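The values are calculated or read from the model by the stated rules, or taken from the named source; none is laboratory data. None of the values given here were measured: they were computed from a predicted structure. Here Cβ is always computed from backbone atoms with ideal geometry, including for glycine, and neighbour counts include all displayed protein chains.
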Amino acid sequence: MSETKNIVEAPASPDRRSFLKRASMGSAVAVASSFAFGGLLKQAGAVTSHSETKKSGLTEGDREILIAAEIAEALAVTTYTHIINTAPFFGNLQSDDQGYLINARNEEMSHYLLEQSATGQPSPFAKFYYPANMFADAQTTLNVLVTLEDAFIAAYLVGVRNFSTPDLRVTAARIMGIESDHRTLARVVGPGVASSDGGPIENITGFAGVPESVDPPNNNGYERTLCWTRISQAVAALTPFVDANAANSAGFDTSKVYEFQQFTPVLPNPLGEFISFKGC
């Protein structure tokens, strides 16, 4: 048996260049330490009072995780919406690949509404920024999409670790499983990108910043935690998508702002719908 090697998934605290360095987009990210969770929400005017937190039955830590999840889900819905509506490569995909993207959008919207029902408040951010060519170039789109799904998986694992009740932890695990589906299926899309759109795409770069072969698309034996143990780490990684200054420092295209639009989701199968926070 070969000697086991020490494997580090990602630094526990993302540095100022971490996000796009890992996404291999070629420009530096400035995720300043001042954008810790509380500071970011205070800037957005979304800090919840102690009495409101107590009334909801959630701990302050629960609420922080859920609001961060709302931000992530709003970003996910916006990302899938614009892939479907504006990305040139979408129309040239096979119907099953299109179906994945369409249903992922519905699933992310369902997650958002569930979390909003728990917190009683919407995402404090409803406008997002993306790297240049995000929806115009298929390789960029899939790199960023997989990077985001990597981040969402790790963020929900923080919930599994830190939520105050078993019911919330199980709910986080249930959502994390769907985000894992999305990551794998995004990698399935790569080889199906038409040659006219720059395909087939055989390597996709996610959060780790390393181009990974899409063969096989399900290339994880275990989900990647990114070594995150606090929800503020997830918020820091996503800050360039929500804050104009951080987006500009990251080299994102700040001339375009993409708005989150709510809708009523339709899940593809009643057996896969949410039943209760108890998971029964």
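What to note about this one:
- Applying a threshold of 7 Å to beta carbon distances and a minimum spacing of six or more residues, or different chains, the list of pairs starting in segment 97-113 at a residue that is in a helix (DSSP H, G or I) and among the polar types (S, T, N, Q) and ending at one that is crowded, with 21+ Cβ neighbours inside 10 Å and modelled with pLDDT of 95 or more reads Gln98/Phe90.
- Restricting Ile71, Ile84 to those that are modelled with pLDDT of 95 or more and either basic (Lys, Arg) or under 18 Å from Gly199 (Cβ atoms) (or both) reduces the list to Ile84.
- One residue stands out among those in segment 226-280 that are surrounded by fewer than 18 Cβ atoms within 10 Å (Cβ to Cβ), in a loop (DSSP other than H, G, I, E, B) and among the charged types (D, E, K, R): the one that is modelled with the highest pLDDT, which is Glu273.
- Unmet requirement for Asn133, which otherwise passes all of (1) more than 16 Å from the chain's Cα centre (by Cα); (2) part of a loop (DSSP other than H, G, I, E, B); (3) on the phi < 0 side of the Ramachandran plot: (3)
- Per-region count, segment 168-221, residues surrounded by 14 or more Cβ atoms within 10 Å (Cβ to Cβ) and part of a helix (DSSP H, G or I): 25
- Of all the residues in segment 176-193, those that are without any contact (Cβ under 8 Å) to a residue 40 or more places away in the chain and within 12 Å of Leu145 (Cα to Cα) number 3.
- Asp62 surrounded by fewer than 20 Cβ atoms within 10 Å (Cβ to Cβ), outside any loop (DSSP other than H, G, I, E, B) and modelled with pLDDT of 55 or more: no
- Of residues in segment 110-158 being buried (at least 23 other Cβ atoms within 10 Å of the Cβ) and among the small types (Gly, Ala, Ser), the one farthest from Ile65 (Cα to Cα): Ala138
- Some residue of segment 257-269 being closer than 23 Å to Ile153 by Cβ and free of Cβ contacts under 8 Å to residues at least 60 places away in the same chain: yes
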